[in-house]
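> The structure follows.
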Amino acid sequence: MSRIERFLPRRHLTQVSPNATPAQGNPSDLPNPDEAPAIAVEDLCKQYRTHWAVDDVNFIVPKGWTVGLLGGNGAGKTTTIAMIMGLVVPSFGRAMVLGHDMATERHKVLSRMNFESPYVALPGRLTVRQNLMVFGRLYGVANLKARIEELIEDFELGDVLDRVTGRLSAGQKTRVAVAKALINDPEVLLLDEPTASLDPDRAEWVRSRLRAYQKRRGATILLSSHNMTEVEQLCDFVVIMSHGRVVAMGRPRELAERFKCRDLDEVFIYLARVA
Ligand SMILES: Nc1ncnc2c1ncn2[C@@H]1O[C@H](COP(=O)(O)OP(=O)(O)OP(=O)(O)O)[C@@H](O)[C@H]1O
């Protein structure tokens, strides 16, 4: 049995096939079934009092893939991501990143990963430049000044660099937060609704920056989003959750065919009503 098959969910639909190709990649980008996935979520559960926020979730994210974690409000996406980051300890099961159990060994892997969410604010009283310096030092970035200069150029931060972060517009804060998330050139990037507060034009701009980063770095991205068009554009594969459980997995187009829907939007609405 290959490593990928070991992570097959017990009850739910298609897992990433070892013969699959990332949609955004090229045919040589087959996931190696014997290579450890970048992220492996195994029998993951989180109980809050009597409520199971995450209930026996299994999936993998092969190296270099972009996987979307979808589901309605309260489905368990943020709790799953928090366990993958090692911020919430699972009640049962484990979340592995680059071969390390995040509940016990996150110190070994934190410098190789990063996170962005518009709901997690950067320190508001620091200027943008100070925030980038602080997070760069926390992540132990070598040649930090040069890395910050690259990010200023990539994310067009020159005009806000010496402004206090807390007083920026939502769109400007998102640009800074994505730049912060890339400061350590992460191999694994977790994004919780990265474009939630942006207008369509800015959202597309951020997606283009993320695509460029993923391509240059070969990074692995796990992305939660309520924007199905965004997911179709960015993701090779999606995992859909409802009430703490995985209810469907597959490539966006395959899922639409499987559920006889026109697109992922319709799949989402269908599963939200029946799952
Ligand atoms: N710290 C907590 N204490 C108690 N219950 C919690 C806690 N965190 C999350 N929950 C509950 O767990 C469930 C899953 O929440 P979670 O935030 O993971 O969902 P989500 O899929 O990210 O939702 P949304 O799309 O609305 O952000 C919800 O019912 C929520 O109320």
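> So how many residues does segment 228-243 have that are within 14 Å of the ligand (Cβ to nearest atom) and without any contact (Cβ under 8 Å) to a residue 40 or more places away in the chain?
0
> Here's another thing I want to ask about it. With GLY71, GLY76 as the choices, which residue is in contact with a Lys or Arg (Cβ under 6 Å, 6 or more places away or on another chain) and buried (at least 21 other Cβ atoms within 10 Å of the Cβ)?
GLY71
> If ARG10 satisfies all but one of (1) assigned to a loop (DSSP other than H, G, I, E, B); (2) at pLDDT 55 or above, what's the number of the condition it fails?
In the conditions (1) assigned to a loop (DSSP other than H, G, I, E, B); (2) at pLDDT 55 or above, ARG10 misses (2) alone.
> Scan segment 214-227 for residues that are of a type outside the set (A, V, I, L, M), open to solvent by less than 20 Å² (accessible area, probe 1.4 Å) and touching a helix residue (DSSP H, G or I) at 6+ places or on another chain (Cβ under 8 Å) and report the count.
Total satisfying the criteria: 2.
> Do any helices (runs of 4 or more DSSP H) entirely within segment 225-275 hold 2 or more residues that are at pLDDT below 90, and if so, which?
Ranges flagged: 264-274.
> Something else about it: Would you confirm, using the coordinates I've provided, whether SER225 is closer than 19 Å to ILE84 by Cα, within 16 Å of the ligand (Cβ to nearest atom) and hydroxyl-bearing (Ser, Thr, Tyr)?
Yes, satisfied.
> Being within 12 Å of the ligand (Cβ to nearest atom), in a strand (DSSP E or B) and on the phi > 0 side of the Ramachandran plot is the filter here, so list the residues in segment 68-101 that pass it.
Passing the criteria: only GLY71.
> Related question: Can you pull out every residue in segment 191-220 that is in contact with a Pro (Cβ under 9 Å, 6 or more places away or on another chain) and not in a helix (DSSP H, G or I)?
Hits for segment 191-220 are ASP192, GLU193, PRO194, THR195, ALA196, SER197, LEU198, ALA219, THR220.
> Which one of the conditions (1) among the hydrophobic types (A, V, I, L, M, F, W, C); (2) open to solvent by less than 10 Å² (accessible area, probe 1.4 Å); (3) touching a residue at least 40 places away in the same chain (Cβ under 8 Å) does VAL160 fail to meet, given that it meets all the rest?
VAL160 satisfies every listed condition except (3).
> Output the residue which, of all residues in segment 102-129 that are open to solvent by less than 30 Å² (accessible area, probe 1.4 Å) and outside any loop (DSSP other than H, G, I, E, B), is modelled with the lowest pLDDT.
Filtering first and then ranking leaves GLU116.
> Identify the residue in segment 33-54 that is within 13 Å of the ligand (Cβ to nearest atom) and not hydrophobic (A, V, I, L, M, F, W, C) and, among all such residues, is least open to solvent (accessible area, probe 1.4 Å).
Only one residue fits best here, namely LYS46.
> Quick check on this structure: which one of GLU204, GLU187, GLU153 is open to solvent by 20 Å² or more (accessible area, probe 1.4 Å) and within 16 Å of the chain's Cα centre (by Cα)?
Working: GLU204 fails: within 16 Å of the chain's Cα centre (by Cα); GLU153 fails: within 16 Å of the chain's Cα centre (by Cα).
The unique qualifying residue is GLU187.
> So THR165 clears everything in (1) among the hydroxyl-bearing types (Ser, Thr, Tyr); (2) touching a Lys or Arg at 6+ places or on another chain (Cβ under 8 Å); (3) open to solvent by 20 Å² or more (accessible area, probe 1.4 Å) except one condition, right? Which one?
Going through the list (1) among the hydroxyl-bearing types (Ser, Thr, Tyr); (2) touching a Lys or Arg at 6+ places or on another chain (Cβ under 8 Å); (3) open to solvent by 20 Å² or more (accessible area, probe 1.4 Å), THR165 breaks only (3).
The values are calculated or read from the model by the stated rules, or taken from the named source; none is laboratory data. Computed from a predicted structure; not experimentally measured. Note that each Cβ is placed from the backbone with ideal geometry, even for glycine, and that neighbours are counted across all protein chains shown. Each accessible area value is taken on the protein alone, full model and side chains, heavy atoms only, with ligands, DNA and RNA left out. Shrake-Rupley method; radii C 1.70, N 1.55, O 1.52, S 1.80 Å.
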